[in-house]
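Here the structure is laid out as structure tokens; the discussion comes afterwards.
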Amino acid sequence: MSSRLMIDTAYCEPITLNSGENVCLRMVRPSDKAAMLRAFAELSGPSRHKRFFAAKQTLTENDLRYFTETDGWDHFALGAVVIDEDGREGDGLGIARFIRLNDDPECAEVAITVIDRMQGNGVGRALLERLVTAAVERGITRFRFECLAHNQEMQHLVKKVCRVVETRSDGEIIIAETDLPRQIPQSPPSAPEHLYHFYDLFRAMAIQSVDLQMSISRVAIKRSMRTSFIGADMLKRIKRPSLFKSR
């Protein structure tokens with residue numbers, strides 16, 4: 001991994017949330033398994049269902065290995081962790097990740113999760129802003145995201161996203177792809193003005209627990225673990241791609 005990367009294994013950015021809580025943004029590590037289990041336990045039943053498209057009760061050992069032992073390039077995960085006045089880490093609050101598509105190496109599927117009690121405090125937005133920077137400096141030019149077809153609010157937000165380049169349906173979800181900046185921002189939180197609606201789109205998932213699921217690569221899941229993280233294979237198929245089109 002190049003030493004010129006702004007967001008790498010050495011990256012640790014302290015920020016203050018809207019709630020006044022101090023957190024550190026850093027890459028997820030293999031040692032985060034216990035913290036991830038604790039954070040998962042804080043997700044309510046509805047939040048788990050909306051994020052995983054299934055009534056997932058726990059994270060298996062395979063899940064934990066998959067989500068924490070990333071390569072930092074094709075599979076990248078960034079976490080938000082509470083820090084005290086001395087800089088010591090506490091609970092995990094949220095994770096954002098992207099996974100590069102095998103058949104389209106410039107496109108990555110994205111997933112963001114924020115624990116219930118911290119939704120609405122800027123965790124999701126902060127993670128997404130840095131995720132964009134990390135993706136761009138790793139050669140990603142597009143993000144792919146998914147929205148449940150009945151989510152009217154999310155469809156409205158998608159219409160405001162600049163440069164939605166493709167939409168289609170896959171079961172009960174609508175899939176859309178959005179262009180990223182072609183150049184790396186000067187600093188992790190910086191981003192072109194035209195991406196602000198893009199951030200708002202993803203933030204709506206973290207804040208309001210809406211039915212937006214930033215999917216991780218189904219191909220990667222099938223190869224890495226037998227139990228699907230999002231249970232997408234259980235969904236019935238519908239055809240509603242026009243929901244993303246401007247009216």
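Taking Gly92 as the residue in question, decide whether it is in contact with a helix residue (DSSP H, G or I) (Cβ under 6 Å, 6 or more places away or on another chain), of a type in the set (Gly, Ala, Ser), touching a residue at least 60 places away in the same chain (Cβ under 8 Å) and under 16 Å from Ser31 (Cβ atoms).
Yes: the conditions hold for Gly92.
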Within segment 36-68, count every residue that is at pLDDT 60 or above, over 17 Å from the mean Cα position of the chain (by Cα) and within 22 Å of Phe145 (Cα to Cα). 1
Quick one: which of Ala134, Ala176 is outside any loop (DSSP other than H, G, I, E, B), at pLDDT 75 or above, crowded, with 20+ Cβ neighbours inside 10 Å and more than 14 Å from the chain's Cα centre (by Cα)? Ala176
Residue selected from segment 5-18 under the condition in contact (Cβ under 8 Å) with a residue 60 or more places away in the chain and exposed (fewer than 14 other Cβ atoms within 10 Å of the Cβ), by the criterion nearest to Thr68 (Cα to Cα): Thr9
Scan segment 115-125 and give yes if some residue there is crowded, with 18+ Cβ neighbours inside 10 Å and part of a strand (DSSP E or B), otherwise no. no
In segment 88-114, which residues are within 20 Å of Glu13 (Cα to Cα) and surrounded by fewer than 19 Cβ atoms within 10 Å (Cβ to Cβ)? Arg88, Glu89, Gly90, Asp91
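The values are calculated or read from the model by the stated rules, or taken from the named source; none is laboratory data. Fair warning: this is a prediction, and the values are worked out from it, not measured in the lab. Reconstructed Cβ throughout: ideal geometry from the backbone, glycine too, with neighbour counts over all protein chains shown.
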